[in-house]
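See structure below.
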Amino acid sequence: MSVKAYQRKLDVENGRVELSHGAGGRAMAQLISGLFHQAFGNEWLAGSNDQSAFDVTAGRMVMTTDGYVISPLFFPGGNIGSLAVHGTINDIAMSGARPLYLSASFIIEEGFRFSDLKTIAESMGAAACAAGVYIIAGDTKVVERGKADGLFISMTGIGLVADGLDLSADKAKVGDRVLLSGSLGDHGVAIMSKRQNVAFQTEIVSDSAALHSLAAAMVAAGGGGIRVMRDPTRGRARCGSQ
């Protein structure tokens, strides 16, 4: 790509991702500032560093990481971007922790539409904002056409859990009660219906959602009786308790 092309404004409506957008040069900087910073903008990203520093309060740190390689990228009730945010937040929340910050890594296939990438990034920003969580770091790589299924996202989350709270799968015991916050399988069926072109009389919508507020309320009301929590379908929680 020529220098003039680098200097042109990102054509979000009609443009496509090129290999140069993941090469660490001007095109990559243009993509990050013109698209991702617009969608995730916050004081940590504004420094344009390769890392972000943040203050923490008393408590124990919780960290998780997950990869998202879903097909199709868009489905009823969300897309790979909102799913990545919700899934990572929920992995943090299931420990009883309060999610604080997220880091996102993008593996983008050459030729991917900027307009689709913008929609996905904006849904990530909106999901994070709604949850009161910030995406403060990230990475972008572009692979040759045919080397990825459009877009892969890897996300890491960090949160704080109060001293004395220790929820873990190895604490489950025979006889524990299992509580479900809703129906199971909505997300999986929503994905399958689009992937396999299966029609239902009623459209099945993914239940992808951030569950940290629900988890916090359960912990507060549990009186120390909750042993383990899990997020089996991204938007529905279950817990085992005495």
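The values are calculated or read from the model by the stated rules, or taken from the named source; none is laboratory data. Quick caveat, the model's predicted, so the values are computed rather than measured. Positions of Cβ are generated from backbone atoms using ideal geometry, with glycine treated the same way; all protein chains shown enter the neighbour counts.
Cβ-Cβ contacts under 6 Å between residues 6 or more apart (or on different chains), taken from a first residue in region 212-226 that is closer than 14 Å to ASP166 by Cβ to a second residue that is among the hydrophobic types (A, V, I, L, M, F, W, C) and crowded, with 17+ Cβ neighbours inside 10 Å, are listed as ILE226/CYS239.
For region 121-136, which positions are surrounded by 19 or more Cβ atoms within 10 Å (Cβ to Cβ) and not in a loop (DSSP other than H, G, I, E, B)? Across region 121-136, the qualifying residues are ALA121, SER123, MET124, GLY125, ALA127, ALA128, ALA131, TYR134, ILE135, ILE136.
For the structure I just gave you, tell me whether LEU10 is over 18 Å from the mean Cα position of the chain (by Cα) and not assigned by TED's automatic domain parsing to the domain that holds ALA210. Break it down into steps so the answer makes sense when it comes.
Details: over 18 Å from the mean Cα position of the chain (by Cα): yes; not assigned by TED's automatic domain parsing to the domain that holds ALA210: yes.
Yes: the conditions hold for LEU10.
Considering each residue of region 170-214, count those that are among the basic types (Lys, Arg) and under 22 Å from the mean Cα position of the chain (by Cα), and give that number. Don't jump to the end; show me each part of the working.
If we filter region 170-214 for residues that are among the basic types (Lys, Arg), which is where we start, we get 171, 173, 177, 194-195.
From what is left, the residues that are under 22 Å from the mean Cα position of the chain (by Cα) are 194-195.
Residues that pass the stated criteria total 2.
Every condition in (1) modelled with pLDDT under 90; (2) surrounded by 15 or more Cβ atoms within 10 Å (Cβ to Cβ) is met by ALA169 except one, and the failing one is (2). For ALA46, the test of being more than 11 Å from the chain's Cα centre (by Cα), surrounded by fewer than 23 Cβ atoms within 10 Å (Cβ to Cβ), in a helix (DSSP H, G or I) and aliphatic (A, V, I, L, M) is passed.
When region 93-118 is filtered for residues that are within 17 Å of ALA209 (Cα to Cα) and either in a loop (DSSP other than H, G, I, E, B) or in contact with an Asp or Glu (Cβ under 7 Å, 6 or more places away or on another chain) (or both), the ones remaining, listed by number, are MET94, SER95, GLY96, ALA97. Of the listed requirements (1) outside any loop (DSSP other than H, G, I, E, B); (2) on the phi > 0 side of the Ramachandran plot; (3) not β-branched (Val, Ile, Thr), GLY24 misses just one: (1). If you go through region 185-242 and keep only what is of a type in the set (Ser, Thr, Tyr), at pLDDT 80 or above and not in a loop (DSSP other than H, G, I, E, B), you end up with just SER213. Among the candidates VAL69, VAL62, the residue that is hydrophobic (A, V, I, L, M, F, W, C), surrounded by fewer than 19 Cβ atoms within 10 Å (Cβ to Cβ), closer than 30 Å to VAL161 by Cβ and modelled with pLDDT of 90 or more is uniquely VAL69.
Let's see how each residue does on (1) charged (D, E, K, R); (2) over 11 Å from the mean Cα position of the chain (by Cα); (3) modelled with pLDDT under 95:
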| residue | (1), (2), (3) |
| --- | --- |
| PHE75 | no, yes, yes |
| SER82 | no, no, no |
| ILE107 | no, yes, no |
| ASP116 | yes, yes, no |
| ALA121 | no, no, no |
| MET124 | no, no, no |
| ILE135 | no, no, no |
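When ILE158 is tested against (1) surrounded by fewer than 23 Cβ atoms within 10 Å (Cβ to Cβ); (2) closer than 23 Å to ALA23 by Cα; (3) of a type outside the set (Ser, Thr, Tyr), exactly one condition is not met: (2).
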